[in-house]
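Read through the structure below, which is laid out as structure tokens, and then see the notes.
The values are calculated or read from the model by the stated rules, or taken from the named source; none is laboratory data. This is a predicted model, so every value here is computed, not measured. Heads up, the Cβs are rebuilt from the backbone with ideal geometry, glycines too, and the neighbour counts pull from every protein chain shown. Keep in mind that these areas ignore ligands, DNA and RNA; they rest on the heavy atoms of the full protein, side chains included. Shrake-Rupley method; radii C 1.70, N 1.55, O 1.52, S 1.80 Å.
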Amino acid sequence: MQIFGVDIGGSGIKGAPVDLDRGELTEERFKVLTPHPATPDGVADGVKEVVGHFGWTGPVGITFPGVVTGGSTIRTAANVDESWIDMDARALLSERLGGLPVTVLNDADAAGVAEMQFGAGRDRRGTVLVLTFGTGIGSALFFDGVLVPNTELGHLELGGHDAEKRASTKAKEDHGLTWEHWARRVQKYLAHVEMLFSPELFIIGGGVSRRASKFLPLIEGVRAEIVPAQLENNAGIVGAAMRAAKEA
């Protein structure tokens, strides 16, 4: 079975058809830059371009970088334009896609469900935290494989700042941090999250997961097992497609 998944991020909007039996993209993903400002109309146009690139005409699952309630209503918009708040995202995006059935969920939750089904969290019980490092820090919390949605742990306070302002991949790039310096920030963040939730496993996702060997060996003092995401930066696309299939 194939369903289309789209992952809206702070820097890019990417998507592809997904084979839901294997949890893999069936074609090379297509990506456009997220507009700035990332207004609802601008982002919707980007989603339309991504879906249109493949000529897709079926259900579409779409991630959003913020809290999504009721499968449609946007409640937070830290890394996109604030005009998204209280927007009926499903209605907007479905209209822009010519009436195609649309499902919307938090981006880190999408990545998390994909990793738990097909990746590093497969068959893992207990408390698992999937953290996606990119423009911000997304989080997906699971207990015995069941998702607690919209946790948004990237906005915990760390050193007097929003954690994602200190430890995201964007923070590394903006401040020209070495892998060693950035790893120390990530270590402090993981230790703080571990103190609050006592997970057995951290799964580190987002684009930086492709370079896990550069920083994961530098992290010390965290008791939980820490592993890179196996689906890397495709996890959001896969998870979005999984949710769309569930609601189709």
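Just to verify a result, which residue in segment 1-26, among those that are among the acidic types (Asp, Glu) and touching a residue at least 40 places away in the same chain (Cβ under 8 Å), is most open to solvent (accessible area, probe 1.4 Å)?
Filtering segment 1-26 for residues among the acidic types (Asp, Glu) gives 7, 19, 21, 24.
In the following step, the residues that additionally are touching a residue at least 40 places away in the same chain (Cβ under 8 Å) were identified as 7, 24.
On the way: 7: 17, 24: 85 Å².
Among them, the one singled out is 24.
Is at least one residue of segment 146-160 of a type in the set (Gly, Ala, Ser), closer than 29 Å to residue 5 by Cα and either touching a Lys or Arg at 6+ places or on another chain (Cβ under 8 Å) or not in a helix (DSSP H, G or I) (or both)? Among the residues of segment 146-160, not one is of a type in the set (Gly, Ala, Ser), closer than 29 Å to residue 5 by Cα and either touching a Lys or Arg at 6+ places or on another chain (Cβ under 8 Å) or not in a helix (DSSP H, G or I) (or both), which makes the answer no. For segment 121-142, the set of residues classified as without any contact (Cβ under 8 Å) to a residue 60 or more places away in the chain and within 24 Å of residue 187 (Cβ to Cβ) consists of 137, 139, 140, 141, 142, listed by residue number.
Taken residue by residue, segment 27-40 has no member that is open to solvent by 40 Å² or more (accessible area, probe 1.4 Å), farther than 23 Å from residue 134 by Cβ and modelled with pLDDT of 95 or more. When residue 94 is tested against (1) open to solvent by less than 10 Å² (accessible area, probe 1.4 Å); (2) within 21 Å of residue 17 (Cα to Cα); (3) out of contact with any Pro (no Cβ under 6 Å at 6 or more places or on another chain); (4) not β-branched (Val, Ile, Thr), exactly one condition is not met: (1). The residue that is farthest from residue 146 (Cα to Cα), counting only those in segment 184-198 that are free of Cβ contacts under 8 Å to residues at least 60 places away in the same chain and surrounded by 21 or more Cβ atoms within 10 Å (Cβ to Cβ), is 186. Screening segment 236-248 for residues that are assigned to a helix (DSSP H, G or I) and over 18 Å from residue 14 (Cβ atoms) and picking the one that is modelled with the lowest pLDDT gives 247. Does residue 63 meet the test of being farther than 30 Å from residue 143 by Cα, open to solvent by less than 10 Å² (accessible area, probe 1.4 Å) and under 17 Å from the mean Cα position of the chain (by Cα)? For residue 63, the condition - farther than 30 Å from residue 143 by Cα, open to solvent by less than 10 Å² (accessible area, probe 1.4 Å) and under 17 Å from the mean Cα position of the chain (by Cα) - is not met.
Here residue 87 clears all of (1) open to solvent by less than 50 Å² (accessible area, probe 1.4 Å); (2) over 21 Å from residue 204 (Cβ atoms) except the condition numbered (1). For segment 126-145, the criterion of a residue being touching a Lys or Arg at 6+ places or on another chain (Cβ under 6 Å) and hydrophobic (A, V, I, L, M, F, W, C) is satisfied by no position. Note on segment 199-235: residues that are surrounded by 14 or more Cβ atoms within 10 Å (Cβ to Cβ) and assigned to a loop (DSSP other than H, G, I, E, B) total 9.
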